[in-house]
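The next block holds one structure in the form of C-alpha cells; read it before the comments.
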Amino acid sequence: MILVFLAKDVRKFKEEMNKLSIPLHTDNEEFLNSSMQLICSIDSRVFQELDTLLCSETCGQGQLELLSLMDVAEGDETLNDLHEKKIND
C-alpha cells in the first residue's frame, strides 16, 4: 500500500502507529515536496485502524492507496515471515 501525508506529520504519525501496535513493514520512504510517501506492507487486519489513524492524524489530508492483496492460508508464510526473509537476505 502507499501512504501519503504531509512531511511535517511523519514523526507524530509513526509514534501513533507504535502506540497502537500497528505492524508496518516499510519498503520505501520518499519525500516529495512537502509530503511523505511510504510504500509498505501491513496485515490486512489492521487496515481499518490504519485508515482511521491516517485520517485523524492528518485532518483528512492523508491518502491511503491499496496496491495489492495477498491471501494467506493456513500453513502459508505470514507477512512477518516474508519481512524477516527480506531483512536476512
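Residue-level analysis places Arg11 outside the set of residues that are part of a helix (DSSP H, G or I), basic (Lys, Arg) and at pLDDT below 85.
Here is the figure for segment 3-25: residues that are surrounded by 13 or more Cβ atoms within 10 Å (Cβ to Cβ) and either polar (S, T, N, Q) or without any contact (Cβ under 8 Å) to a residue 12 or more places away in the chain (or both) total 1.
As a summary of the residue check, Leu54 satisfies the conditions (1) out of contact with any Gly (no Cβ under 6 Å at 6 or more places or on another chain); (2) modelled with pLDDT of 85 or more; (3) closer than 13 Å to Ile2 by Cα except for the one numbered (1). Checking each residue of segment 60-70 against the condition of being modelled with pLDDT under 65 and over 25 Å from Phe5 (Cβ atoms) gives no match. Every test in (1) among the acidic types (Asp, Glu); (2) in contact with a Ser or Thr (Cβ under 9 Å, 6 or more places away or on another chain); (3) free of Cβ contacts under 8 Å to residues at least 40 places away in the same chain is passed by Glu30 save one, and that test is (2).
The values are calculated or read from the model by the stated rules, or taken from the named source; none is laboratory data. Here the structure is a predicted model, which is why all the values come from computation and not from measurement. As a convention, Cβ positions derive from the backbone with ideal geometry for all residues, glycine included, and neighbour counts pool all protein chains shown.
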